[in-house]
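Worksheet: one structure, shown below.
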Amino acid sequence: MIAGDDNGVKAMGFCKWLLWSAVLVLSAGVQLAEATVVDKTTRIDGSTVQYEVVLPNGYDASRAYPAILAFGPGPQTADLDQRIVATTFRHEAERRGYIVVMPAAPEGQLFFQGGERIIPAFLRQILASYKIKDSKFRAAGLSNGGISAFEVASLYPQYFVSITAFPGYLLFPTAAHIAAISRMCIHMFVGQHDELGFDKPMQQEAVEFRARGMPLTYRVEEGQGHRIETLSGPGAARLFDQFDQDQRGCVTDR
């Protein structure tokens with residue numbers, strides 16, 4: 001380039017701009033590929049629904065993955081769901097190849113107090129967006145989320161293969177509700193010192209389910225309260241061990 005050639009300077013500047021733009025685009029693409037937890041929002045039946053999606057490491061949109069529909073405790077808000085995803089579901093789901101979907105309660109309605117109405121339309125959206133193995137989910141949750149998992153699976157059994165509550169139980173154990181989940185793999189965990197009293201209805205239902213010959217595992221976590229710390233962090237692997245087993249067939253601890 002000849003010194004003083006303004007056009008040459010401008011051309012070189014433009015080339016550098018193109019180079020840096022390409023680097024930024026590629027960097028953004030890498031970040032997008034590595035972002036395995038996505039915050040999303042949708043509208044269903046006039047309600048805004050916020051939800052978290054965890055994708056497996058190396059996610060391939062052309063492949064079908066096993067999926068978990070998870071429910072949070074307490075008010076089931078989006079910020080609380082984010083914490084539960086981080087402490088309980090994310091690591092093992094990414095590592096083992098699961099898609100996890102965790103919706104927040106629509107308009108503050110818990111998923112056993114009216115919020116469950118959005119589930120069929122919501123799951124149809126998820127199935128249209130992701131390839132889910134056999135178009136079935138594992139319902140899972142803790143506390144209010146465990147109750148929600150039982151409620152939703154009993155109302156819409158066509159979408160579910162298993163229920164995992166840690167803790168949680170079937171809030172309305174009618175004959176119809178029990179029959180709806182009778183062929184699902186069921187896993188119930190409760191803390192030895194559950195201060196909210198979940199242990200009594202859970203024990204009663206475990207006896208009822210076993211009497212009916214339903215596939216059930218029931219665990220009392222020694223030294224634990226309502227919040228079962230032994231099933232979060234590294235302990236979450238125990239939940240996923242059961243999810244893995246359920247793909248091969250239900251087990252029972254009778």
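Name, by its number, the condition in (1) surrounded by 18 or more Cβ atoms within 10 Å (Cβ to Cβ); (2) in contact (Cβ under 8 Å) with a residue 60 or more places away in the chain; (3) farther than 27 Å from GLY115 by Cα that does not hold for GLN224.
(2)
I'd like to check something: does the range 145-160 contain any residue that is of a type in the set (D, E, K, R), at pLDDT 95 or above and either in contact with a strand residue (DSSP E or B) (Cβ under 6 Å, 6 or more places away or on another chain) or over 16 Å from ILE68 (Cα atoms) (or both)?
No; the residues of the range 145-160 include none that is of a type in the set (D, E, K, R), at pLDDT 95 or above and either in contact with a strand residue (DSSP E or B) (Cβ under 6 Å, 6 or more places away or on another chain) or over 16 Å from ILE68 (Cα atoms) (or both).
Among what's in the range 56-81 and is aromatic (Phe, Trp, Tyr) and outside any loop (DSSP other than H, G, I, E, B), pick the residue that is nearest to PHE122 (Cα to Cα).
Once the filter is applied, the top-ranked residue is PHE71.
Give me the residue from the range 227-254 that is over 15 Å from the mean Cα position of the chain (by Cα) and under 15 Å from GLY141 (Cβ atoms) and, out of that set, surrounded by the fewest Cβ atoms within 10 Å (Cβ to Cβ).
If we take residues in the range 227-254 being over 15 Å from the mean Cα position of the chain (by Cα) and under 15 Å from GLY141 (Cβ atoms), then ARG227 is surrounded by the fewest Cβ atoms within 10 Å (Cβ to Cβ).
Across the range 200-211, what is the number of residues that are within 11 Å of PRO173 (Cβ to Cβ) and touching a Ser or Thr at 6+ places or on another chain (Cβ under 9 Å)?
Total satisfying the criteria: 1.
Would a scan of the range 232-244 turn up a residue that is hydroxyl-bearing (Ser, Thr, Tyr), closer than 26 Å to GLU92 by Cα and in contact with a strand residue (DSSP E or B) (Cβ under 9 Å, 6 or more places away or on another chain)?
No, the range 232-244 contains no residue that is hydroxyl-bearing (Ser, Thr, Tyr), closer than 26 Å to GLU92 by Cα and in contact with a strand residue (DSSP E or B) (Cβ under 9 Å, 6 or more places away or on another chain).
Consider TYR59 carefully, then state whether it is of a type in the set (Ser, Thr, Tyr), under 16 Å from ARG96 (Cα atoms), modelled with pLDDT of 95 or more and surrounded by 12 or more Cβ atoms within 10 Å (Cβ to Cβ).
Yes.
Based on this model, can you work out whether ILE84 counts as β-branched (Val, Ile, Thr), part of a helix (DSSP H, G or I) and surrounded by 18 or more Cβ atoms within 10 Å (Cβ to Cβ)?
Spelling it out, ILE84 is indeed β-branched (Val, Ile, Thr), part of a helix (DSSP H, G or I) and surrounded by 18 or more Cβ atoms within 10 Å (Cβ to Cβ).
Check off (1) buried (at least 17 other Cβ atoms within 10 Å of the Cβ); (2) closer than 20 Å to VAL49 by Cβ; (3) free of Cβ contacts under 8 Å to residues at least 60 places away in the same chain; (4) not charged (D, E, K, R) for GLN113 and give me the number that stays unchecked.
The failed condition is (1).
Determine whether ARG124 is more than 16 Å from the chain's Cα centre (by Cα) and closer than 21 Å to VAL161 by Cβ.
Answer is no for this residue.
Being within 21 Å of HIS187 (Cα to Cα), in contact with a Pro (Cβ under 7 Å, 6 or more places away or on another chain), modelled with pLDDT of 95 or more and of a type in the set (Phe, Trp, Tyr), is that true of even one residue in the range 87-94?
no
Tell me, yes or no, whether the range 92-110 has at least one residue that is without any contact (Cβ under 8 Å) to a residue 40 or more places away in the chain and in contact with a strand residue (DSSP E or B) (Cβ under 6 Å, 6 or more places away or on another chain).
The answer is no, given that none of the residues of the range 92-110 is without any contact (Cβ under 8 Å) to a residue 40 or more places away in the chain and in contact with a strand residue (DSSP E or B) (Cβ under 6 Å, 6 or more places away or on another chain).
The values are calculated or read from the model by the stated rules, or taken from the named source; none is laboratory data. Everything numeric in this text was worked out from a predicted model, so none of it was measured. Using ideal geometry, Cβ is built from the backbone for each residue, glycine included, and neighbour counts are taken over all protein chains shown.
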